[in-house]
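Beneath this line is the structure, given in structure tokens, with notes to follow.
The values are calculated or read from the model by the stated rules, or taken from the named source; none is laboratory data. Quantities reported herein were computed from a predicted structural model and do not represent experimental measurements. Virtual Cβ from ideal backbone geometry, glycine too; neighbours counted across all protein chains shown.
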Amino acid sequence: MDDVVCRPATPADVPAIAGVRIRSWQAAYRGSVPQDYLDALDVDAETARRTDRPLDGQHVAVVDGSVVGWLGVGPYRADEGEDVPGPSCGEIAAIYALPEVWGRGVGRRLLTYGLGELRRLGLSPVLLWVLVANEEARRFYERAGFKADGPVVGFEVGGATLPEMRYRYDG
């Protein structure tokens with residue numbers, strides 16, 4: 001999509017970010033995350049949860065004035081004892097797009113934008129986590145130059161523990 005504009009998120013974007021997160025989770029994680037958990041996700045509750053949070057590192061993709069994607073980037077948030085490849089790693093903590101724009105370049109534009117933001121901040125390499133079962137997302141990251149770099153951990157969601165793996169981009 002040539003008409004995608006990526007920009008920092010504003011407080012007015014919070015309801016749209018909540019909608020992007022929930023609708024993309026419900027579509028992308030169907031069959032991986034417990035269905036009752038996905039069905040219980042609520043845009044109003046997610047909006048309320050996010051309203052008083054800082055928007056540092058939060059960005060949106062906008063098409064025709066509507067938010068269609070969301071990205072969270074910043075310094076890597078390592079777990080205690082985690083093997084980290086350097087002191088100045090960046091992280092793509094979240095990247096989601098509305099299901100109706102999947103395959104139309106929004107995710108690619110957001111990812112390119114996010115990598116540029118991390119480069120501007122001097123954060124490298126870039127790490128991210130993805131559910132092992134999310135083969136479509138894994139292919140997306142691999143096409144962009146990310147490589148699985150070893151760690152696989154359990155991610156707890158909706159009463160289930162799902163394996164997720166770390167990817168690294170040295171670009």
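In table form, for the structure just shown:
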quantity	calculated
Filter result for residue 117 (charged (D, E, K, R), assigned to a helix (DSSP H, G or I) and under 15 Å from the mean Cα position of the chain (by Cα))	yes
Lone unmet requirement of (1) within 23 Å of residue 5 (Cα to Cα); (2) surrounded by fewer than 18 Cβ atoms within 10 Å (Cβ to Cβ) for residue 115	(2)
Pairs, first of a type in the set (Val, Ile, Thr) in segment 18-32, second at pLDDT 95 or above and in a helix (DSSP H, G or I), C-beta under 7 Å, six or more apart	22/43; 22/46
Of all residues making up segment 12-32, the number that are over 16 Å from residue 96 (Cα atoms) and out of contact with any Leu (no Cβ under 7 Å at 6 or more places or on another chain)	2
Selected residue [in contact with a Cys (Cβ under 9 Å, 6 or more places away or on another chain) and in contact (Cβ under 8 Å) with a residue 12 or more places away in the chain] from 71, 38, 55	71
Selected residue (criterion: surrounded by the fewest Cβ atoms within 10 Å (Cβ to Cβ)) from residues of segment 20-76 that are of a type in the set (Val, Ile, Thr) and touching a strand residue (DSSP E or B) at 6+ places or on another chain (Cβ under 7 Å)	62
Close pairs from segment 131-142: first within 14 Å of residue 29 (Cβ to Cβ) and in contact (Cβ under 8 Å) with a residue 24 or more places away in the chain, partner of a type in the set (Val, Ile, Thr) and surrounded by fewer than 15 Cβ atoms within 10 Å (Cβ to Cβ), Cβ under 7 Å, at least 6 apart	132/152
Test result for residue 123, farther than 27 Å from residue 3 by Cβ, among the aliphatic types (A, V, I, L, M), in contact (Cβ under 8 Å) with a residue 40 or more places away in the chain and assigned to a loop (DSSP other than H, G, I, E, B)	yes
Test for residue 72: is it under 30 Å from residue 149 (Cβ atoms), at pLDDT below 95 and out of contact with any Leu (no Cβ under 8 Å at 6 or more places or on another chain)	no
